[in-house]
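So the structure is just underneath, and the comments pick up after that.
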Amino acid sequence: MAETNFDIIVVGGGPGGYVAAIRAAQLGMKTAVVERENMGGICLNWGCIPTKALLRTSEVYSLIKHAEAYGLSVKDVSYDHKKIVERSRKVAGQLSNGVKGLMKKNKITVFDGTAKLAGAGKLAVAMNDKSSATLTYKHVILATGARARQLPGLESDGKLVWSYREAMVPEEMPKSLLVIGSGAIGIEFASFYRTMGAEVTVCEVLDRVLPVEDEEVSAFAKRAFEKQGMKILTGATVSNLKKGANNVTATITVGGKAQEITVDRVISAVGIVGNVENLGLEGTKVKVEKTHIVIDQWGATGEPNVYALGDVAGPPWLAHKAMHEGVLVVEKIAGVKGVHPMKTENIPGCTYCQPQVASIGLTEAAAKAKGLQLKVGKFPFIGNGKAIALGEPEGFIKTIFDAKTGELLGAHMIGAEVTELIQGYSIAKTLETTEAELMATVFPHPTLSEMMHESVLAAYGRTLHI
């Protein structure tokens, strides 16, 4: 009979959940994880990782199609969509199995099933094998994640109207596609399918694509997407989907004018809702607002010894935010000295479209809205030797500083590999680095990272290479 008494039980084995469990085990706590489906959660199995595998395929495909620009000759370029999907699923499976291995390595008990609170210190688990168990805990962490939001009339049906899940495993490649929503998920799928040859239309209800990004980045991205052949509709609403035998006709309204568009498939990417149902929250002091569990800066809910983290606990909905929360919450429970609460302004965001987008901290508009005096620098990819050598001269890096203190308020990038570069500014913000320290830092040559240096220099009228 498996052990049933634990110091910490984590409900949900996604990035936040499994990292919390590992850290708890490292601190000597008897730890368990309850996971109803796949270890690694949505991120490893149906989100971050498999989509990056798909996008890598589209990136390679795009490079092959432009091989002549690199002095190469490639003929009869084609692809096998089944093998593309197969590779993506294999990558996801490998990492999910890796997480299982980490659970075993750290002596964490894993229960395959669904859990709900069952009174103070008790958790009822309905096992996937139809058995049941009652577990007891000193502390429980709810890390149940989120799922795709379904809007009335635009619900995914798994065949003609897709959520991210169906979009990752198409039975055939659509020749035309409508993407509703231009956040990270919508734009990544739009980018993948457009690169693979589909005619793609993107509808965004707000006035610009990638609306959480800096306005200059959004504008640059829109031009780049349109140059690739995407049709971008902003200030647009989709009010009706008429399904045919193998296509969908959507009614789209822009500026008061309605139009119809017929496509093979529709991807609905209009946000997420937290998985708060059937957790036994009724009768507890756990508060839910807009489908997300309310927590304090340490992940604590209103119910004693009940914590929450990750997507179920609100924005930003990012795996790395959930992982950091997992460590933070457990260390606070364990009484580790020097634990700091989460600073959301220090969490970077990445979108893996072509061109890539990455950012951290305040946008220029948000910084101005705070009444701050600013120093803003910008440096283009075309001024960087490595970018030109790579054949990737499109993009820019923008940095925003407090003119009075030199504090780095925000950084915003668009272009090749910026999702790898952004961590430099993440470290800078965490260390509370000033503009003087960044300017005094030696960046290696030739690298794309030199643009980070040049952008800082540009903010103070000292740029060297343009």
Determine the principal axes of the Cα atoms in the range 161-270, then give the extent along each, sorted from largest to smallest and rounded to whole angstroms.
-> 41, 31, 22
P(r) tail for the chain, what percent of Cα pairs lie past 30 Å?
-> 52 percent
Quick one: if you stick a label point 7 Å off each Cα along the C-beta vector at THR237 and LEU72, how many nm between them?
-> 4.8 nm
Checked the range 405-466 with the C-alpha gyration tensor, a ≥ b ≥ c its square-rooted eigenvalues, rounded below a/c of 1.5, otherwise prolate if a/b is larger than b/c and oblate if not; verdict oblate
GLU215/THR253 FRET efficiency (R0 25 Å; Cβ-Cβ; nearest 0.05) | 0.55
24 Å Cα-Cα threshold exceeded, pairs from LYS222/LYS243; LYS122/LYS321; LYS52/LYS222; LYS287/LYS429; LYS100/LYS287 = LYS222/LYS243; LYS122/LYS321; LYS287/LYS429; LYS100/LYS287
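Given the Cα-Cα distance of LYS82 and GLN94 and 0.36 nm per residue of separation, how much length would full extension add, in nm?
2.5 nm
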Charge dipole (the chain, unit charges on Cβ, about Cα centre) - positive-most of VAL169, PHE6, PRO211 = PHE6
Give the long-range amide H neighbours of ASN240: residues separated by 5 or more places, or on another chain, with amide H under 5 Å away, using H modelled in the peptide plane at 1.01 Å from N.
-> THR251
Divide, for the range 1-105, the radius of gyration over alpha carbons by 2.2 N^0.38 Å, where N is the residue count.
-> 1.53
Given R₀ = 56 Å, FRET efficiency for ARG147-THR441 by Cβ-Cβ distance, to 0.05?
-> 0.85
Whichever aspartates and glutamates have a C-alpha closer than 18 Å to that of LYS175, once near sequence neighbours (fewer than 8 apart) are set aside | ASP80, GLU166, GLU188, GLU199, GLU226, GLU260, ASP264
For the range 450-464, in order, what is each residue's ³J(HN,Hα) by Karplus, 6.51 cos²θ - 1.76 cosθ + 1.60 with θ = phi - 60°, in whole Hz (x at glycine and Pro)?
-> 4, 5, 5, 5, 4, 5, 5, 4, 4, 4, 10, x, 10, 4, 9
Length-normalised contact order of the chain, Cα under 8 Å, at least 6 apart, in percent, tallies to 14 percent
What translational D, rounded to a whole number of µm²/s, comes out for the range 307-429 from Stokes-Einstein when the hydrodynamic radius is the Kirkwood one over Cα pairs, at 10 °C and 1.306 mPa s?
-> 99 µm²/s
Base-10 log of normalised Debye intensity for the range 368-439 (one unit scatterer per alpha-carbon) at q = 0.18, 0.23, 0.25, 0.28 Å⁻¹ = -0.75, -1.04, -1.13, -1.24
Dipole magnitude (debye, nearest 20) for the range 355-459, charges at Cβ of Lys, Arg, Asp, Glu = 320 debye
Please compute the net charge surrounding TYR352, taking Lys and Arg as +1 and Asp and Glu as -1 over other residues with Cβ under 13 Å from its Cβ.
-> -2
Computed over the range 355-459, the relative contact order (Cα-Cα under 8 Å, seq sep at least six) in percent reads 34 percent
In whole Hz, the Karplus estimates of ³J(HN,Hα) for the range 147-153 (6.51, -1.76, 1.60; θ = phi - 60°; x where Gly or Pro) are 9, 5, 6, 10, 8, x, x
With a 10 Å radius around each residue's Cβ, average the other Cβ atoms per peptide and rank 364-376, 289-301, highest first.
-> 289-301, 364-376
Helix-derived [θ] at 222 nm for the chain: sum -39500 (n - 2.57) over DSSP H runs of at least 4, divide by residue count, nearest 500?
-> -9500 deg cm²/dmol
Structure shown: which of LYS104/LYS332; LYS290/LYS368; LYS104/LYS337; LYS105/LYS285; LYS231/LYS378 lie over 26 Å apart, alpha-carbon to alpha-carbon?
-> LYS290/LYS368; LYS104/LYS337; LYS105/LYS285; LYS231/LYS378
Karplus-derived 3J(HN,Hα), 6.51/-1.76/1.60, for each residue of the range 364-378, Hz, glycine and proline x = 4, 5, 5, 5, 5, 5, 7, x, 7, 8, 10, 10, 10, x, 9
Dipole magnitude (debye, nearest 20) for the chain, charges at Cβ of Lys, Arg, Asp, Glu = 700 debye
Cut-off 9 Å between beta-carbons: net charge of the residues surrounding PHE401, Lys and Arg +1, Asp and Glu -1 | -2
Cβ-derived FRET efficiency at R0 41 Å, ASN106 paired with ALA245, nearest 0.05 = 0.20
Expected sort for LEU142, LEU241 with the fewest Cβ neighbours (10 Å cutoff) up front is LEU241, LEU142
Taking 0.36 nm per residue of separation between ASP157 and ILE427 and subtracting their Cα-Cα distance, the length gained on full extension comes to 92.9 nm
Quickly rank 168-180, 101-113 as a protection proxy: mean count of other C-beta atoms within 10 Å, highest first.
-> 168-180, 101-113
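Rule-based calculations on the coordinates, nothing more; no lab input. Remember, predicted model here, so these are calculated numbers, not experimental data. Note: ideal-geometry Cβ built from the backbone for every residue, glycine included; neighbour counts use all protein chains shown.
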